[in-house]
Amino acid sequence: MTKPLAVIIEDDPKLADIFSITLQSADFETKTIQDGQNAVPALSELKPALIVLDLHLPNVSGEDVLAHIREDDRLSGSRIILATADALMADRLRSKADLVLLKPISVNQLREMAKRMLPNDAS
Amino acid sequence: MQNSLFRKLSSLQVQFLLALVLIGIFPSGLVSLVLINLESKALTDQSTRELTGLARGIAKELDTFLEEVLMDSEAISELPDIVSMDPNQQTPLLLGLHAHYGRHMQLAVAKLSGGLQAAAVTPPIPLEQVSIAKIQSFQIAATQGKQAWWVGPALFNDSLILHMHTPIKDTNDQVIGVLGSPVSLPRLSSLLEQLDLGSNGQAFVLDDTGKILLHPDAEERDSRRSYATWISSADGGLPSTSGTATYSLGGETRIAGFVPIPELGWTIVVDRPEAEVLSPVIASRNLTISGMVVSIILSVFAAVFLARGLTRPVRELSAAARALGAGDSDAPLPETVVDGNELATLVTAFATMREAIIEREGALQNARDDLEDRVADRTAKLASVNAALTQEVAERRRVMDSLKESEEQFRLIFELAPIGITTATIEGVFLHPNQAYCDMIGYSAEELREKKYLEITHPDDLGENRSWNKKLLAGEIPHFRMEKRYLTKHGEVIYIILQVALVRDANNEPTHVIAQVVDITERKHTEEALALARDQALVASQAKTELLAKVSHELRTPINAILGYAELLQEGTFGKISVPQVEASGKIIESANYLATLVSELLDQAQFEGGKIILEMTEFSVHELIRRVEPQVRLSAEAKGLTFSIKVENNLPTILVGDIYRLQQILVNLLSNAIKFTEDGEVILRFYCSNQDQWAIEVSDTGSGIPTDAQAEIFEPFRQVDGSVTRTHIGTGLGLSIVDQLTSTMGAKIHVQSSLGQGSVFTVLLPYISLEEYAA
């Protein structure tokens, strides 16, 4: 049985690393994308179970990526966690995401929330 | 006196009486009297007829008697030789004859010379001394050879006798002597005695002069009373035919029947007292009169009774009427014996009329009372109206005085007002601008009066001004206020605030407008400068906020890296670590968290200080709010082993209005605080309806609590309860300060209930508002 895939879109490599390790500890297969522009086509193809999305991305903003995800039928099954330091923007986009976590994000918090978001058959 | 008599006579009672007497008694009396008269007349007639019949009978008898006496005398005279016989024989013969015939008073034979030859007279008389030559009847007999009689005195006394002389003839039918055979009047009178003439009736004979000749009563006979005046014919002589007469004799009325005997010149009269003749009638008349008297008396009584009976009700009725007139409406009414007669009808009618009068009187009285009441009422009202009027007049005078005063005041205010005031016509032509207005515009009042205010209005403001004017004149608005620009006489542009009101007359027709103008040019310039400064400040603030946001973001990322790696290290992700390493990792985590909190609080505070809190009001449900808040706090609570529970009371409305983001911020702050200061026990978030105006969010914990004296200070920036706590609990000390600022921005209130060691209860009271209200 394959593990669910979590795609982490985060331009900061350290944070991407932390989120990746954390999600792996939560039994996710992880993939990290550091660029908004690359993220869009990759996501459509990967159809991840979970997407951890930073809003401040180079080239294409996280907001645009979020909009793309919500418009892409192939990604209708993907759960989205917004991971941002901008509370105002997070609030604005809250309805489009499944969860908003404000940076700094605790490892425990991310792990717990990710676990809860997994489909039951996957845990 | 006369009046009262007249009244008495004219009274109904007397009239009734008279009427009854006249109607009932007078005719019957009259009839009785007529009947009695008729009867009297009949009786009188009958009686006179009877008397005449008697007289006629007497006449016949007398006639017969005298006839017989004449025949006797003739027979005696025819005796042969009565003259020539011996005188001695003659006397006895005559005596014999006298006795034989018996009717004569005496018998005598006389010679033609009148000397007596012989006489059968007792006692004998001396014949030679007697001559009868002068006796009329002798003369007739002697000379004419005819039997004759004559009433005259006797030869030897004055008593009247009926002389009767019969010629004695010889064979040659020559008178040779005369036989005197007188008859005494008493003897004749005795013939009259035989008649039954009642007790007082009498029959007598009158001679040719009307004097009594024969009468059964010698005294009457000797009286020679004359009846000539009573019994006479039209020419004054004695009547030649039988008849009747009535006369008064000795105070007694007598009625008589008479029959004349023409041969003798006598008249036979039979009379009786009328009273005797009429005695039956008189008795009947007396009876009638007594009856009449009795009946008159009875009639009078009856009439009096009847009249009283008739007039009593009338009198009582009139008494009742008088009483009614005098105002007594209870006077007794006559009792009527018979229902339905005219009096009863009259009484009933009167009673009805009286009732009607009483009723009408009552109604009249009521009406009068009512009228009086109304008059009094009206008078009172009038008086009060008068008083009110007087008061009003005084009030008006006062008002006029104060009006004058206030007019003067207003004029002064108008003239001396520091703001421009002017009146203008509906068309916009100036009427009375005050001094301040003129000063502002630079034109004199006279110049302004020839202008319309639109002429001095800045062309760019004309459109708005016109549209306001239109609304004002259409009555859509009572006045308007606008900012606009004037062009002064000197060509300057000034900014003003214009307030215009429309004045209408009593008929609601617009008469003129009043405009108040404040020169705000200076203010406008200041404002423009201020706006510029503000914009610049805003830009600067924006830059600062953006910078802060960027700094915040930029800071959070490395903090997050520190925190993440420290956690992973602590978890042993990178290989087993020692206890001191774990502790060191924990300190790194703590510091990183503190740094993160510090950064976000600083950012929030920076936002407040930049005046950047703009509430974004939306409709939301409390569950949405919970959904946002819960993930941020539950984990930290549970990590500390605290029970975190959320209660929503039923009385809370499903949909609320507010800035959900700021509410979320408040709740996260309060909950983080509660979790931070609670070592064990629970943290409860509760939503409920406080009252009809507000709802409440309550955060309670079982933490260390806040001393009473410190409770007022906890909302100030950079405060925590004490220094020692500050060290054990991360945070800038800005959390509650931010909550306080947010709640007051929202128009909400926050208060705390706490005591040391007993936990704390923070309550935020939020007003219910609607979106419309907020928009307003």
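For the reader, a short list of remarks on this structure follows.
- Under 15 Å from the Cα of A:LYS115 - aspartates and glutamates, other chains or at least 8 residues apart: A:ASP27, A:GLU29, A:ASP98
- Taking a ≥ b ≥ c as the square roots of the eigenvalues of the Cα gyration tensor, region B:98-183 is rounded, since a/c falls below 1.5.
- By the equivalent-ellipsoid construction on the alpha carbon gyration tensor, region B:169-327 comes out with semi-axes of 68, 16, 11 Å, ordered largest to smallest.
- Per residue, the convex hull spanned by the alpha carbons of region B:254-352 comes to 178 Å³.
- Lysine pair count for region B:459-612 with Cα-Cα distance under 23 Å and sequence separation of 8 or more or different chains is 7.
- Value of [θ]222 nm, deg cm²/dmol, for chain B, DSSP H segments ≥ 4, -39500 (n - 2.57) each, nearest 500: -17500 deg cm²/dmol
- Counting every other Cβ atom within 10 Å of each residue's Cβ, B:HIS512, B:HIS100 order from fewest to most as B:HIS100, B:HIS512.
- Ignoring lysines fewer than eight residues from B:LYS169 along the same chain, the ones with Cα atoms less than 22 angstrom from its Cα are B:LYS111, B:LYS134, B:LYS146.
- Where the Cα pairs of region B:25-131 fall when distances are cut into 10 Å bins, in %: 12, 27, 17, 11, 10, 9, 8, 5, 1
- Rg [Å, one decimal], Dmax [Å, integer] - the protein assembly as shown, C-alpha atoms: 90.6, 264
- Computed FRET value (nearest 0.05) for B:GLN174 with B:LYS211, which takes r as the C-beta separation and R₀ as 41 Å: 0.60
- Compactness of region B:353-487 is given as radius of gyration and Dmax, 31.1, 98 Å, from Cα positions.
- Translational diffusion coefficient (Stokes-Einstein; Kirkwood radius from C-alpha pairs) of region B:224-278 at 10 °C, 1.306 mPa s, in µm²/s: 135 µm²/s
- For the pair B:LEU35 and B:SER113, label points projected 7 Å from Cα toward Cβ lie 7.9 nm apart.
- Global form of region A:58-123, assessed from the alpha-carbon gyration tensor, a/c cut-off 1.5: oblate
- Rounded tilt (10° steps) of B:26-77 against the dominant C-alpha axis of chain B: 0 degrees
- Shown here are the Rg and Dmax of the Cα trace of chain A, at 12.9, 40 Å.
- Efficiency of FRET between A:ARG92 and B:LEU473 - r from beta-carbon atoms, R0 51 angstrom, step 0.05: 0.55
- Helix B:462-474 vs. chain B, principal-axis angle (Cα, 0 to 90°, nearest 10): 20 degrees
- For B:LYS640, the lysines whose Cα falls under 16 Å of its own Cα, not counting residues fewer than eight places away in the same chain, are B:LYS676.
- Shape category assigned to chain B from the gyration tensor of Cα positions, a/c cut at 1.5: prolate
- Region B:445-494: C-alpha pair distances exceeding 19 Å, %: 35 percent
Bear in mind that the values in this text are calculations on the coordinates, not laboratory data. On a predicted model such as this, the values are computed, not experimentally measured, just so you know. Neighbour counts run over all protein chains shown; Cβ positions are idealised from the backbone, glycine included.
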